[in-house]
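Comments concern the structure below.
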Amino acid sequence: MLGQAIADGILTGAIIALGAIGVSFGLQILRFANFAHSELVTWGAYLALVFVTFAGPGTPTGPLSFGWQLIAAMVFAGVLTGVLAWVVDILVFRRLRNSDAHPLSMVFAAFGVALVMRHVVVLIWGHGSYFYTRELQIALEVLPGIRMLPDQIFILGLTFVVVAAMHLYLTYSRTGMAMRAMAESPSLARVCGVQVESVVRWTWFISGGLAAMAGVFLGLTPQLHPEMGFNLLLALFAAAILGGAGSLIGAVVGGLLVGLAENLSVLFISPGYKTAMPFLVLLLVLFFRPQGLFGEKEGSR
Amino acid sequence: MKTTLGVAAALATIALMGPAPASAQQVSCPVKIGGILPLTGSMAPITKKIAESAQLALEHINQGGGIKGCPVELVLRDDQGQPTVGVDAAKYLVEVERVPAITGTISSGVTGPIISSVTGPSKIVQISCCSTASAFTLDGRSGGYFFRTLPTSKTQAFATASEITRRGLKKTAIIYVNTDFGVDMTKFVKLALPKLGGEIVAEVPYNDNQSSYRAEVTKALAAKPESLLLIGFPKDAVTIVREWLSLGGPQQIALNNSMRVMDFVNGVGPRFLNESFGMDNAQVAGPTVDAFNQAFEAKYKTDSKGPGVHTQYDALMVLGLAMNIAKDLTGPSIKDAVRQVHAAGGAQVGTGPEEFKKAISLIKDGKPIKYFGATGPIEFDANGDVTGPALVWKIKDGEIVTDRVISIEEMQALFKKVE
């Protein structure tokens, strides 16, 4: 029971982590709470669906329920969602940023964008549910008492590879360094010759791409519907704030903690209260570390 | 002058008091019955037919002789699907129009407040066509003045419990949606299953709209059940059932009526649902039902299908009969009379004006009647609820088919066994 809850928690957490990275970047680099981020998750899932509809989910490869087509679909959706995020920025957020809008205006604009994006999904695909594949997998007993689906093991593996790659990229590439500089202090970064608009573009692109990945994984377990991203929104913000805004590792750890808090709580209390647990953990952490687990204290340097 | 007035008043009082036993039969015409329905608002589309059905019942009552020789008038008010408006409407009907009985309304969220703040305290009989929340008749707020003509979730819950045990499934885990509906259903399954020889090994509530329910499923599976009873709504149920099967749960899955849609079956995949089964209320057949359907179609040039259409007709007919049976038109008398509408050993009466006329002449002769309405036999239990027949459905070759029907007699026997 305990082992299974931990395994389930890590899996849920991995998907939340992918989405939380974008929220965390938005909070720190773009300096506003992007409530439309959850819709990028939904859009990513549906864009991959478009690819799968044309290419088919592919014949199941080995123990997995899908073939290479779904991986290709994910790449396709990742790129397009990244572009979508950037387009939304040009249409809405950049204008507000350039006119020095109040952060609250940005938040409300984000709410508006989220509503529009969600309803465009409803308009195109309708309210019903979609599936990438109709296959149903039977869980393998990976460790005594712990059952996982092959798909889930694959999701976990891929998530960790992508997160590790992102970490290296942010640490060593010029863009990565510029993004971190922006996160530290936008004005200082600008003075030092960082191309602000280029960093903003990359931030949106990477956030969108990772959100799409989360969306595809979410759609694999097991269905796509227009509210799939929206239902995850609070968990994403909890994870991003828990880990500390702007920190990649923080967002990942935050995501895992949220997933674990939800799944482990079921062992002690009624699952009816499951969704409240991450916020309890969030409050506890913020009492002791208001900047989040991995966040830097404002003005500490 | 003052004395004269006083004497006159006293005389008048005596005149009123004197023939009291006889005046019980002399009611002032026309007799008013209150009606509350959401004629506007989000429920309006389904209310139209329900209101038409009420109108039809009123016509049949009037053509069949009215109430105690008087024509009957239905004072219908709109509740807009809102509790405050509904309560105001009920207050108006009781305090201004002075109706002795009310029929209404649809939404349980409106019916509840009306019972607690108007009809319960003022001892006014209320019969609803459509509100299912079981609490109304169980928590004592109605004081026995509330009745309804549609089966509550109890019927479905008991039928489910009996079908689970009939299939020889001993250990059942329940996963239910954490709403009034889910909690209600679970409560009644818990009441029935142990008495019928089953056992509930796990009870797991879930909140809707989550991306995954592995934690809930894992918790239910930990008790090693032989079957799952899933009470909820299709979208989340697809996720739950798929995760249940993936994590090695048995394919014996019992489902509630909401899952009787192809969206659910195709979402899970029909080939995984060969062992599963579900419940729903069954449509009653019989001559009195056919007679109602024909009368409705003849009058409104449209079929009588739809929620509440049959039950609303019966709600008003029951009031019409009960108010004829009652010795006077006060709440307590009507309340007692409602229970004599389907008396054991009574002469059978059905739907339509002729049958109503027949019922009135039987009542005048002091003979018991047994009303069979648009929804079949209307027999209220101790709480003021009716049972109805249920059907068991299953999935065969990718289609939802009816497995068997649990007749109303079987349901009543089941109720007696459990309670």
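The values are calculated or read from the model by the stated rules, or taken from the named source; none is laboratory data. Fair warning: this is a prediction, and the values are worked out from it, not measured in the lab. For neighbour counting, all protein chains shown are included, and Cβ atoms are generated from backbone atoms with ideal geometry for every residue, glycine included.
Could you list, in sequence order, the residues of segment B:263-285 that are under 29 Å from B:Ala374 (Cβ atoms) and at pLDDT below 90? Spell out how you get there, then give the answer.
As a first pass, look at segment B:263-285 and keep what is under 29 Å from B:Ala374 (Cβ atoms): B:277-285.
Correct list: B:Met279, B:Asp280, B:Asn281, B:Ala282, B:Gln283, B:Val284, B:Ala285.
Using the structure shown, decide if A:Ala114 is in contact (Cβ under 8 Å) with a residue 40 or more places away in the chain, surrounded by 15 or more Cβ atoms within 10 Å (Cβ to Cβ), in a helix (DSSP H, G or I) and away from every other protein chain (no Cβ under 14 Å). Give the derivation first.
On the way: in contact (Cβ under 8 Å) with a residue 40 or more places away in the chain: yes; surrounded by 15 or more Cβ atoms within 10 Å (Cβ to Cβ): yes; in a helix (DSSP H, G or I): yes; away from every other protein chain (no Cβ under 14 Å): yes.
Taking the combined requirement at face value, the residue satisfies it.
Would you be able to tell me the number of residues in segment B:188-198 that are out of contact with any helix residue (DSSP H, G or I) (no Cβ under 6 Å at 6 or more places or on another chain) and in contact (Cβ under 8 Å) with a residue 12 or more places away in the chain? Outline the logic, then answer.
If we filter segment B:188-198 for residues that are out of contact with any helix residue (DSSP H, G or I) (no Cβ under 6 Å at 6 or more places or on another chain), which is where we start, we get B:190-191, B:194.
From what is left, the residues that are in contact (Cβ under 8 Å) with a residue 12 or more places away in the chain are B:190-191.
Adding up the residues that qualify gives 2.
With the requirement that a residue be at pLDDT 90 or above and surrounded by 13 or more Cβ atoms within 10 Å (Cβ to Cβ), what does segment A:91-107 give you?
The answer is A:Val92, A:Phe93, A:Arg94, A:Leu96, A:Ser105, A:Met106, A:Val107.
Working only within segment B:199-236, note down all residues that are touching a strand residue (DSSP E or B) at 6+ places or on another chain (Cβ under 6 Å), touching a residue at least 40 places away in the same chain (Cβ under 8 Å), over 15 Å from A:Ser265 (Cβ atoms) and within 11 Å of chain A (Cβ to nearest Cβ).
B:Ala220, B:Ala223
Just need a number here: residues in segment B:399-412 that are out of contact with any strand residue (DSSP E or B) (no Cβ under 7 Å at 6 or more places or on another chain) and surrounded by 12 or more Cβ atoms within 10 Å (Cβ to Cβ).
Adding up the residues that qualify gives 3.
Which of the residues that make up segment B:261-276 are among the β-branched types (Val, Ile, Thr) and not in a loop (DSSP other than H, G, I, E, B)?
Step one: of segment B:261-276, the residues among the β-branched types (Val, Ile, Thr) are B:261, B:265, B:268.
Correct list: B:Val265, B:Val268.
Residue under question is A:Phe35, and the condition is that it be buried (at least 22 other Cβ atoms within 10 Å of the Cβ) and not hydroxyl-bearing (Ser, Thr, Tyr); does it hold? It would help to see each step written out before you state the result.
Values: buried (at least 22 other Cβ atoms within 10 Å of the Cβ): yes; not hydroxyl-bearing (Ser, Thr, Tyr): yes.
For A:Phe35, the condition - buried (at least 22 other Cβ atoms within 10 Å of the Cβ) and not hydroxyl-bearing (Ser, Thr, Tyr) - is met.
Out of A:Phe54, A:Phe93, report the one residue that is free of Cβ contacts under 8 Å to residues at least 60 places away in the same chain and in a helix (DSSP H, G or I).
On the way: A:Phe93 fails: free of Cβ contacts under 8 Å to residues at least 60 places away in the same chain.
Of the residues listed, the single one that is free of Cβ contacts under 8 Å to residues at least 60 places away in the same chain and in a helix (DSSP H, G or I) is A:Phe54.
Considering each of A:Val142, A:Val216 in turn, give the residue that is within 14 Å of another protein chain (Cβ to nearest Cβ), under 28 Å from B:Arg242 (Cα atoms) and buried (at least 18 other Cβ atoms within 10 Å of the Cβ). Even if it seems obvious, please write down each step before you answer.
Details: A:Val142 fails: buried (at least 18 other Cβ atoms within 10 Å of the Cβ).
After ruling out the rest, the residue left standing is A:Val216.
Here's the yes/no breakdown for (1) buried (at least 24 other Cβ atoms within 10 Å of the Cβ); (2) on the phi > 0 side of the Ramachandran plot; (3) at pLDDT 95 or above:
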residue: B:Gly197; (1), (2), (3): no, yes, no
residue: B:Tyr206; (1), (2), (3): yes, no, no
residue: B:Ala215; (1), (2), (3): yes, no, no
residue: B:Asp236; (1), (2), (3): no, no, no
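Name every residue in segment B:115-155 that is more than 16 Å from the chain's Cα centre (by Cα) and under 24 Å from B:Ser53 (Cα atoms), in order of residue number. I'd like the intermediate steps shown before the answer.
Initial filter on segment B:115-155 (more than 16 Å from the chain's Cα centre (by Cα)): B:116-124, B:139-141, B:143.
Listed by number, the residues that qualify are B:Thr119, B:Ile124.
Output the residue which, of all residues in segment B:254-270 that are more than 11 Å from chain A (Cβ to nearest Cβ) and buried (at least 24 other Cβ atoms within 10 Å of the Cβ), is farthest from B:Asp397 (Cα to Cα).
Taking the candidates together, the pick is B:Asn256.
Please find, within segment A:251-301, the residue that is nearest to the other protein chains (Cβ to nearest Cβ) out of those that are aromatic (Phe, Trp, Tyr) and in a loop (DSSP other than H, G, I, E, B). Explain how you work it out, then say what you get.
So the first thing to find is which residues in segment A:251-301 are aromatic (Phe, Trp, Tyr), and the list is A:268, A:273, A:279, A:287-288, A:294.
With the extra rule that they be in a loop (DSSP other than H, G, I, E, B), the set shrinks to A:268, A:294.
Details: A:Phe268: 11, A:Phe294: 25 Å.
Among those residues, the one meeting the criterion is A:Phe268.
As an exercise: evaluate A:Ala181 against (1) in contact with a Gly (Cβ under 6 Å, 6 or more places away or on another chain); (2) away from chain B (no Cβ under 14 Å) and give the number of the one condition it does not meet.
Result: A:Ala181 passes all but (1).
Look at A:Glu135 and say whether it is within 23 Å of A:Gly259 (Cα to Cα) and outside any helix (DSSP H, G or I).
Working: within 23 Å of A:Gly259 (Cα to Cα): no; outside any helix (DSSP H, G or I): yes.
Judged against the criteria, A:Glu135 is not a match.
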